[in-house]
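**Q** Here it is, the structure, as structure tokens.
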Amino acid sequence: MIRREIDSDASAVRSVHLAAFPGDGEAGLVDALRENRHLSVSIVAEENAGIVGHIAFSPVTVDGLDVAAVGLAPVAVLPEFQRQGIGSELIRAGLAACREAGFRIVVVLGEPGFYQRFGFQPAHLFGLGNEYQVRDEFMVLELKPGSLNGIRGLVRYGDEFSSL
Ligand SMILES: CC(C)(COP(=O)(O)OP(=O)(O)OC[C@H]1O[C@@H](n2cnc3c(N)ncnc32)[C@H](O)[C@@H]1OP(=O)(O)O)[C@@H](O)C(=O)NCCC(=O)NCCS
């Protein structure tokens, strides 16, 4: 089942990120975003055993402006549940929830081969830069056609990301 995160999910969500990533940076990031009320969209995947996956979206600015844009990060699935389509379901459900919430643009930093299947394109094609000295791995998706018209510049994630 794919559903919105509720308050009591926090520690299970933390466990998913601790198991999926090599360090505790992503788990701490999600906790900090939640504490600062910067989790714009937060969705979990639940199996009988409990929560097995999680995806977060938080606000980003473009050229210092609020343009109804969010960053997808992090997304994780427990190792023993990976490669079964759960991550893809989380991404699709997350993008739909962002669209419903009125966001217009989503950025992500990740594997182009994975994210292009959801419609992400290299952000540099649209004149969008990033803080991480990467090129093709930084991608963007318009949730509504034309959302990127007239929008270019440096995309910045929230301060919570500086500790990653
Ligand atoms: C990335 C992640 C969330 C994907 O979850 P998942 O449930 O395994 O994803 P899916 O089963 O939906 O995978 C769908 C497809 O993407 C591919 N894929 C999964 N992870 C991939 C990756 N990191 N790079 C390239 N392709 C990947 C799978 O092979 C699969 O392809 P297929 O359907 O053609 O076989 C999961 O592997 C994970 O938690 N990884 C560790 C944390 C991480 O790196 N998160 C992403 C950065 S924020």
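**Q** Starting from the alpha-carbon convex hull of region 2-163, give the projected area averaged over all orientations, in nm². Don't jump to the answer; show the numbers that get you there.
**A** Numbers: hull surface 35.9 nm².
Mean projected area for region 2-163: 9.0 nm², to one decimal.
**Q** In percent, how large is the relative contact order of the chain, given Cα pairs closer than 8 Å and 6 or more residues apart?
**A** Working: 307 pairs, mean separation 37.1, N = 164.
Relative contact order here is 23 percent.
**Q** Something else: Using a 10 Å cut-off around each Cβ, can you sort His17, His38 from fewest to most neighbouring Cβ atoms? Before the final figure, lay out each step's value.
**A** On the way: His17 23, His38 17.
So the ranking, lowest neighbour count to highest, is His38, His17.
**Q** Going by amide H atoms built from the backbone, whose H comes under 5 Å of the H on Val52, apart from near neighbours?
**A** Those lying under 5 Å, H to H, from Val52 are Ala45, Glu46, Glu47.
**Q** Once the piece of chain linking Asp63 and Glu131 is laid out straight, how much longer is it, given 0.36 nm per residue of separation minus the C-alpha distance between them?
**A** On the way: separation 68, 0.36 × 68 = 24.48 nm, distance 1.18 nm.
This chain segment gains 23.3 nm when fully extended.
**Q** Can you list the residues, at least 5 places off or on another chain, whose amide H is less than 5 Å from the amide H of Asp63, using H built in the peptide plane?
**A** Correct list: Leu154, Val155, Arg156.
**Q** With both bridge residues required to lie in the chain, what share of the DSSP beta bridges run antiparallel, to the nearest 5%? Each step should come with its number before you reach the end.
**A** Values: 27 of 33 bridges.
In the chain, approximately 80 percent of DSSP beta bridges are antiparallel ones.
**Q** Comparing Ile91, Ile151, Ile51, which has the greatest mean-square fluctuation in the GNM of the chain with Cα pairs linked when under 10 Å apart?
**A** Judging by the Gaussian network model, the answer is Ile151.
**Q** If you build a Gaussian network model of the chain, linking Cα atoms that sit under 10 Å apart, which residue out of Gly85, Gly71, Gly110 swings the most?
**A** For the chain, modelled as a Gaussian network with Cα springs under 10 Å, the answer is Gly85.
**Q** In nm, give the distance between the simple-model label positions of Asn36 and Phe114, each being 7 Å from the Cα along the Cα-to-Cβ direction.
**A** Taking the simple label geometry, Asn36 and Phe114 are separated by 2.3 nm.
No value in this document is a laboratory result; all are computed from the given coordinates. The structure presented is a predicted model; accordingly, all values stated were derived computationally and were not measured. Neighbour counts are summed over all protein chains in view; Cβ atoms, including those assigned to glycine, are modelled from backbone coordinates with ideal geometry.
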